Each structure stands twice: as structure tokens, then as C-alpha cells.
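The values are calculated or read from the model by the stated rules, or taken from the named source; none is laboratory data. These numbers were taken from a predicted model, which means no experiment stands behind them. Neighbour counts run over all protein chains shown; Cβ positions are idealised from the backbone, glycine included. Note: areas computed on protein heavy atoms with side chains; ligands, DNA, RNA excluded. Shrake-Rupley method; radii C 1.70, N 1.55, O 1.52, S 1.80 Å.
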Amino acid sequence: ICHETMHALGLKDLYRSNQTSAVYYMSLMAKHLTPIGQYISVKERESLGWLDNNQIKTIDKNGTYTLYPASAQNEVVAYKRDLPNGKTLYLENKKLYSCNTGDLKKGVTLKSGLICYLANTGVRFPSNINTTGVNWNMQVVSNGQYSTMSDCAVGDGEELYIGNDIFVYVTNMSADKLEFEISGIAETTPTPTLTPTATPSPTPT
């Protein structure tokens with residue numbers, strides 16, 4: 001029901017007609033049937049206007065960044081970065097909890113941590129329904145072993161290569177926030193703006 005409701009709001013399918021996906025359980029739109037109840041990704045929430053520039057910040061340099069859970073109010077819940085290959089990298093803090101104990105899931109099969117998406121730059125509502133081969137309009141970058149992406153999160157002390165010389169490394173993770181380092185960002189030095197100097201008028205003789 002939730003999946004179909006999101007279609008009415010404009011979101012599109014992130015799986016293919018043969019049921020394969022490069023997102024799977026990490027978005028409600030990636031599988032219409034799933035054993036894991038999921039929310040929609042930060043990219044999709046941004047497209048719907050549910051997140052703004054105060055909650056999704058652009059990464060413009062290497063360094064350490066902090067993310068808060070999706071439920072946090074007035075906090076940064078995602079970062080993004082346009083890449084040279086026509087993709088935009090989205091980074092979000094995904095938290096999974098045990099129904100039995102309420103503890104944060106940090107295991108192998110189901111993991112909490114940093115989720116990294118690549119979406120086609122400039123496409124508001126990406127769709128994977130008609131994509132072929134290794135080309136996906138939206139996909140999760142993962143070191144995990146499961147095609148369902150249930151273990152795709154980058155956990156505490158783990159590193160992930162994104163592509164384009166970019167690496168992310170999670171330095172600290174708790175129920176309240178997640179900190180990560182990113183390297184490989186091509187930083188640009190702003191061109192200094194020169195203030196023209198007024199030419200003094202000649203002294204009358």
C-alpha cells in the first residue's frame with residue numbers, strides 16, 4: 001500500500017521488470033514486496049520536498065562529517081555530491097533496530113550504518129524499470145555479499161570505495177548520530193576577486 005501510494009506522489013519503481021534491483025531493501029520503491037519494512041531514500045524525500053537544504057548538505061571538501069537519523073528534527077540527515085560521471089552521490093544514516101530487544105542492528109546480515117546511493121544527476125524521479133546491463137538510474141554502492149543490500153551499510157570502522165577516487169570511512173556510530181570521513185573530493189580554490197583601485201584625479205595646477 002505504501003509503495004503504491006508513493007507512485008501517486010510521483011516516485012517511480014527502482015527495480016526492473018525481471019525483479020532485479022540495485023537498491024532492493026534500501027528503499028520502499030525498490031521492491032513492491034519485501035520482508036523488511038523500509039522508508040524511502042533521502043534522494044526520494046528530497047524529490048518530494050520533504051527534505052531541504054538545511055537537512056541535505058553538499059559536500060565540497062574532504063574531511064569529517066556528521067549525520068543524524070532520518071527522524072531527527074532540524075539536523076543534517078544526508079549529504080550529497082555531484083560527480084564527474086553524471087551521477088550524484090547521496091549519503092544517509094540508516095538505522096535498523098531489533099524488534100525483540102530494540103537494540104541497534106550491527107550484525108552481518110542486517111546492518112545499520114552509512115548508506116551510499118548514486119543517482120543520475122538532474123533527474124528528479126529516477127526509475128530503474130527500463131534500465132539495462134550495469135546502467136542504473138539509481139543504485140546502492142556496497143561491499144556487502146547479499147544482492148538484497150541488507151548488509152550494504154558501512155559500519156563503524158569500515159571503509160567503502162565509491163568510485164572517482166572517493167573513499168568514505170565511518171569513524172563513529174551510535175543510536176544518535178554517525179560520523180564519517182570522506183577523501184578524494186576534488187577541492188577547488190576560489191579565484192580571488194580583485195577590487196579595482198580608483199585612479200586618482202590629476203592635481204589641478
Give me a comma-separated list of calculated 3J(HN,Hα) values for region 123-130, in order, Karplus coefficients 6.51, -1.76, 1.60 applied at θ = phi - 60°, integers in Hz, x for any Gly or Pro.
9, 5, 10, x, 9, 9, 5, 10
In whole Hz and in residue order, list the ³J(HN,Hα) couplings for region 168-185 that follow from phi through the Karplus curve 6.51 cos²θ - 1.76 cosθ + 1.60, θ = phi - 60°; x for Gly and Pro.
10, 9, 7, 9, 7, 9, 9, 5, 8, 6, 9, 10, 9, 10, 10, 9, x, 6
Just how large is the dipole of region 80-181 about the Cα centre, in debye to the nearest 20, putting +1 at every Lys and Arg Cβ and -1 at every Asp and Glu Cβ?
380 debye
Order of exposure, largest accessible area first, which applies to T132, T171 with probe 1.4 Å:
T132, T171
Along the dipole axis of the chain (charges at Cβ: +1 for Lys and Arg, -1 for Asp and Glu; origin at the Cα centre), the most positive-end residue among L9, I40, Y65 is L9
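In debye, nearest 20: dipole of the chain around its Cα centre with unit charges on the Cβ of K, R (+) and D, E (-)?
Values: 17 positive and 19 negative charges, 89 e Å.
Using only the charged Cβ atoms, the result is roughly 420 debye.
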What aspartates and glutamates does K12 reach when the alpha-carbon gap must be under 19 Å and sequence neighbours fewer than 8 apart in one chain are set aside?
E4, E44, E46
Accessible area of the chain divided out per residue, in Å², using a probe of 1.4 angstrom
55 Å²
Scoring only Lys, Arg, Asp and Glu (+1, +1, -1, -1) among other residues with Cβ under 12 Å from the Cβ of F167 yields -4
Count the lysine pairs in region 18-174 whose Cα atoms lie under 17 Å apart, taking only pairs 8 or more positions apart in sequence or on different chains.
17
Bin by bin, in steps of 10 Å, what percent of the Cα pairs in region 1-85 do you find, going until the bin that has the longest distance?
16, 40, 34, 10, 0
Which of [x] -0.52, -0.94, -1.37; [y] -0.70, -0.92, -1.08; [z] -0.78, -1.23, -1.39 is the computed log10 I(q)/I(0) by the Debye sum over Cα atoms at q = 0.11, 0.15, 0.18 Å⁻¹ for the structure on display?
[x]
Mind listing the long-range amide H neighbours of L14? Cut-off is under 5 Å, sequence gap 5 or more, other chains count too, H placed in the peptide plane at 1.01 Å from N.
A30, N128
Expressed as a percent, the accessible surface of the chain that is carbon or sulfur, using a 1.4 Å probe and the full set of protein chains, is 51 percent
Dipole axis of region 1-153 (+1 Lys, Arg; -1 Asp, Glu on Cβ), positive-most option in L89, A22, N143:
N143
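Quick one: if the Förster radius is 30 Å, what FRET efficiency do Y39 and E181 give, using the C-beta to C-beta distance and rounding to 0.05? Please report the intermediate quantities before stating the final value.
On the way: r = 26 Å, r/R0 = 0.86.
The value I calculate is 0.70.
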